[in-house]
Amino acid sequence: MMTGITGTPGTGKTAVAAELERRGHRIVHLADTVRPYVVEEDRARQTLVVDVDRWVEEFEPVEGIVEGHLAHLLPCDRVVVLRCRPDVLAARLAPRGYPAEKIAENRDAEALDVILIETLEEHPDEHILEVDTTALSVGECADRIEEFIRGELPSSYGSIDWTDHLGFGT
């Protein structure tokens, strides 16, 4: 079974994946797999433009967990969408040295549910779990993901509404 962990940058994907790996899960970091599919590198925005269609088509499914903000585009058996309140997300991204425009873009994408909507377009409802990482520890997030993988935690999404955090005009 291949489980995807996805979310906007700053939601905790890498930290949670590291905890799951420490617990014995096989983890594939998608950032390690996209380099051959990069068609452009936008250094000003610190963004790689990837030929996603080719990458998805050529990706070899794995038994384990795939982690990255494109994981929901793969043919995963289950997908976990990590979420984070937009103001907290922006605070997490600031120390990474991202330009203010990129932080605002990610904050607004999180408030608009962009990754969740893309996930819903690709996967059956009963295979999706949304986890708000804002106030949870990495261990608590990993616990929920393990429960979901084992089928002990049902699919759940759509209860998060951060539209009041949209930063338009700021």
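Here are a few things to note about the model shown:
- Selection from the range 114-144 of residues that are modelled with pLDDT of 95 or more and assigned to a loop (DSSP other than H, G, I, E, B): His123, Thr133, Thr134, Ala135, Leu136, Ser137
- Among the residues of this structure, Gly10 does not count as one that is exposed (fewer than 12 other Cβ atoms within 10 Å of the Cβ) and in a loop (DSSP other than H, G, I, E, B).
- Arg92 being among the basic types (Lys, Arg) and over 16 Å from the mean Cα position of the chain (by Cα): no
- Of the strands (runs of 3 or more DSSP E) lying entirely inside the range 38-96, those containing at least 1 residues that are surrounded by 14 or more Cβ atoms within 10 Å (Cβ to Cβ) and not β-branched (Val, Ile, Thr) are 47-50, 64-67, 78-83.
- Candidates Glu126, Glu130, Glu152, Glu140 - the one that is of a type in the set (D, E, K, R) and closer than 17 Å to Thr14 by Cβ: Glu140
- When Glu130, Glu110, Glu147 are checked against the criterion of being farther than 17 Å from Val66 by Cα and either in contact with a strand residue (DSSP E or B) (Cβ under 7 Å, 6 or more places away or on another chain) or of a type outside the set (Phe, Trp, Tyr) (or both), a single residue qualifies: Glu110.
- For the range 73-94, a tally of residues being modelled with pLDDT of 95 or more and either among the aromatic types (Phe, Trp, Tyr) or more than 14 Å from Glu110 (Cβ to Cβ) (or both) returns 8.
The values are calculated or read from the model by the stated rules, or taken from the named source; none is laboratory data. All of these numbers come straight from a predicted model, not from anything done at the bench. Glycine also receives a Cβ, built like all others from the backbone with ideal geometry; neighbour counts cover every protein chain displayed.
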